[in-house]
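Inspection log for the structure reproduced underneath, given as structure tokens.
The values are calculated or read from the model by the stated rules, or taken from the named source; none is laboratory data. Source: prediction; values computed, not measured. Neighbour counts run over all protein chains shown; Cβ positions are idealised from the backbone, glycine included.
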Amino acid sequence: MCNHDNHPSNLHSLRHSLSHIMAQAVQRIHQADAEIAIWPAIDNGFYYDFVFSPDHPLTEEDLHKIQDMMTKIIKENQPFTRLDVSDEESKFIVEKILKQKYKAELRDEFASNGETISFYLNSIPEAAKDALLAWSNPDYIEYYESVSQYFQEKYKSEFEGRFITFLDMCEWPHVESTKDIESWTFKVAKTAGAYWRWDSKNVMMTRIYAYAFETKDELKDYLNFIQEAKKRDHRILGQKLKLFTISPLIGAGLPLMQPKWMTMRKEVEDFLRELHEQKWYLRVWTPHIAKIDLYQTSWHAAKFGDELFRVKWKEEEFIMKPMNCPHHMQIFADNQFSYRDMPVRYFEPATVYRDEKTGQLSGLTRVRSITQDDGHLFCRVDQIKDEVKAITDIIKQFFWTLWMLGDYWVSLSVRWDDKSKYLGSDEVRNIAEASLEEAAKANDLPYKRVEWEAAFYGPKLDFMFKDALGRERQLSTIQCDFNLPERFQLEYTDQHWEKQRPVVIHRAIAGSFERFLGIMIEHFAGAFPLRLAPEQVRIIPVADAFLPYAHQVEAEFKKLHLRASVDDGNDSFSKKIRNGELEKVPYLLIVWEKEEKADSVSIREFKTKEQSESGLLDFVQKVKVIRDERRL
């Protein structure tokens, strides 16, 4: 059966159609027999995966050629023709006509599920072939001459007098013709490596990304967004501002925190400590390694075996701590608690270690050494709602202070039908999910139920915030766990002197310090609010004669533990100003004869670019208030 697809040119069909056009462009100009794999539409456009011959590697220059060729193809008014075929016919087309082994693998999978296999074909008038394909790869023309011959004979009424320009197995809707697409709706963007079927044991493919939107303005806005995101990239800013170091001698995913970074991290830790002390959390500490028996009991060894760093010592095998929860279970188990003692709340900012795949590591947002602001509280079932509220209060205060609370939502992540991925019985899981949903409702959280995303030991609430560019970031999490208390045989005594299992609530406010601070770099574009800024004030004397007064100004700030310094280097005055701006110091203070006589300072504020004057002590007090109130 053959038909022309008449779906409207919506964004989804636009992106799918463009992915076929891109694959055709690649075959025309680069390599006709390149292996082609998957081609999904994504949030900002689409991508297509290829395996190129080692003799024909893709280059950056090829991306520009692909963009130009796509524009040419669009103008050729090629229809998108759909064929729905039998299982036998689809197998023949994929193996003998397309000759694509990755498509064959997908076809077999679809057929085994009883799905009808369909194909989309693009074509041009055969009489126009020589003119339209004059600049195409000769191998491409030869390849599609055989394809055209088959379809002209097999499907004569549809393809008589037509030259096939592209053939792909696909079921998604497309536009009716390439002429329905405007050439300014897309931009070929970049390449990346991607394993076939997302499995590192499979071949590494070349993924070509493109952005695509329905209007020119939407594409322009997105390209501007990409440029702004590049300016904020924490990997670039972190290097420019000397915040952290990635050393090849130490290893990928193991960042070194420089003094400026540690200043920021301590500010975050201190704030979190204050918030937890207000909610009666107890600080604990656990070692960095443990016997493998601990993680076998918790089931982490079976679940995350490939991600565990193993340490062999004599006859015993140890694991570098991948998470804190099994350790906190041991602290609870070593005490005797009654129902009156509940809840018991433990808090530990601790570094854990996970062997993330090298290809997934990225600056601070994906690392192997992860410092979590980890907390576990042990409570009765009837306390879950109140404890979730207490945690939510901490989350809201923390992110409101950092100006990220405005537009957020909460994912209530629950299990799906594959029960092998989760601990615990249906009864226990149902109680946990119902308890967490009740708590979300009681605390007026803007939540949505999301299947598949639950932790293996229980459901969770993931808080989704937006940064300054509107990008969604998952940071805080609250997880409800009835399973680990059972596996570790944890108990407390109820009012009838009977033993009961506590519920464990796992929670993290910032997530990991590395990822959180990486996001903060991008959120603030490196121009941190005063409380977080590694250097809050820099004093710049106009000439060396005013250095004594500059150090006097510095001393006034340091009396109040404000982070101030004097630039007494050999650079020119104008370069010192420029350096301060490049390093995004919140306040640059200029001092010379007038300021020295008046006991004042001239102020340049980085964020507003305003210049003003103030008495020294008045300005010191102003900065102190901004710091103490954590103003932005």
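Brief remarks on what is shown
- Top-ranked residue in the stretch 90-126 [being touching a residue at least 60 places away in the same chain (Cβ under 8 Å) and of a type in the set (Ser, Thr, Tyr); ranked as nearest to VAL51 (Cα to Cα)]: TYR102
- Close pairs (7 angstrom Cβ cut-off, 6 or more residues apart or separate chains): under 27 Å from GLU61 (Cα atoms) and surrounded by 13 or more Cβ atoms within 10 Å (Cβ to Cβ) in the stretch 189-200, at pLDDT 90 or above and among the β-branched types (Val, Ile, Thr) anywhere: THR191/THR206; THR191/ILE208; TRP196/VAL203
- In the stretch 121-184, counting only helices (runs of 4 or more DSSP H) that sit wholly within it, the ones holding 3 or more residues that are closer than 17 Å to ASP84 by Cα span 138-154, 156-159.
- Filter pass, TRP280 being out of contact with any Leu (no Cβ under 9 Å at 6 or more places or on another chain), farther than 30 Å from PRO529 by Cβ and of a type in the set (Phe, Trp, Tyr): no
- Test set (1) in a helix (DSSP H, G or I); (2) over 23 Å from the mean Cα position of the chain (by Cα); (3) touching a residue at least 12 places away in the same chain (Cβ under 8 Å); (4) surrounded by fewer than 13 Cβ atoms within 10 Å (Cβ to Cβ) - ASP217 fails condition number: (3)
- Subset of the stretch 472-491 [farther than 30 Å from PHE528 by Cβ and surrounded by fewer than 18 Cβ atoms within 10 Å (Cβ to Cβ)]: GLU486, ARG487, GLN489, GLU491
- Annotation: of all residues in the stretch 492-518 being over 20 Å from LEU461 (Cα atoms) and in contact (Cβ under 8 Å) with a residue 60 or more places away in the chain, the one that is surrounded by the fewest Cβ atoms within 10 Å (Cβ to Cβ) is GLN495.
- Note on the stretch 233-251: residues that are buried (at least 18 other Cβ atoms within 10 Å of the Cβ) and either of a type in the set (Phe, Trp, Tyr) or within 21 Å of the chain's Cα centre (by Cα) (or both) total 6.
- Of the residues examined, PHE528 is one that is assigned to a loop (DSSP other than H, G, I, E, B) and either at pLDDT below 90 or buried (at least 16 other Cβ atoms within 10 Å of the Cβ) (or both).
Table: residues versus (1) under 25 Å from VAL175 (Cα atoms); (2) acidic (Asp, Glu).
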residue: GLU115; (1), (2): yes, yes
residue: ALA127; (1), (2): yes, no
residue: ASP130; (1), (2): no, yes
residue: LEU133; (1), (2): yes, no
residue: ASN137; (1), (2): no, no
residue: GLN152; (1), (2): yes, no
residue: TYR155; (1), (2): yes, no
residue: GLY161; (1), (2): yes, no
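- Of the residues making up the stretch 298-337, those that are in a helix (DSSP H, G or I), surrounded by 12 or more Cβ atoms within 10 Å (Cβ to Cβ) and of a type in the set (D, E, K, R) are LYS303, GLU307.
- Between LEU58, LEU63, the distinction of being within 33 Å of the chain's Cα centre (by Cα), part of a loop (DSSP other than H, G, I, E, B) and among the aliphatic types (A, V, I, L, M) belongs to LEU58 only.
- Subset of the stretch 494-523 (residues that are part of a helix (DSSP H, G or I), closer than 16 Å to GLU267 by Cα and not aliphatic (A, V, I, L, M)): PHE513, GLU514, ARG515, PHE516, GLY518
- Residue in the stretch 22-45 that is surrounded by the most Cβ atoms within 10 Å (Cβ to Cβ), counting only those that are of a type in the set (A, V, I, L, M, F, W, C), out of contact with any Phe, Trp or Tyr (no Cβ under 7 Å at 6 or more places or on another chain) and more than 16 Å from ILE141 (Cα to Cα): ALA41
- With respect to the conditions (1) buried (at least 20 other Cβ atoms within 10 Å of the Cβ); (2) in a helix (DSSP H, G or I), PHE378 lacks only one, and its number is (2).
- Verdict on LEU469 being surrounded by fewer than 21 Cβ atoms within 10 Å (Cβ to Cβ) and either charged (D, E, K, R) or farther than 30 Å from LEU560 by Cα (or both): yes
- Here ARG340 clears all of (1) surrounded by 16 or more Cβ atoms within 10 Å (Cβ to Cβ); (2) farther than 24 Å from ARG449 by Cα; (3) out of contact with any Ser or Thr (no Cβ under 6 Å at 6 or more places or on another chain) except the condition numbered (1).
- Some residue of the stretch 493-506 being basic (Lys, Arg) and touching a strand residue (DSSP E or B) at 6+ places or on another chain (Cβ under 6 Å): no
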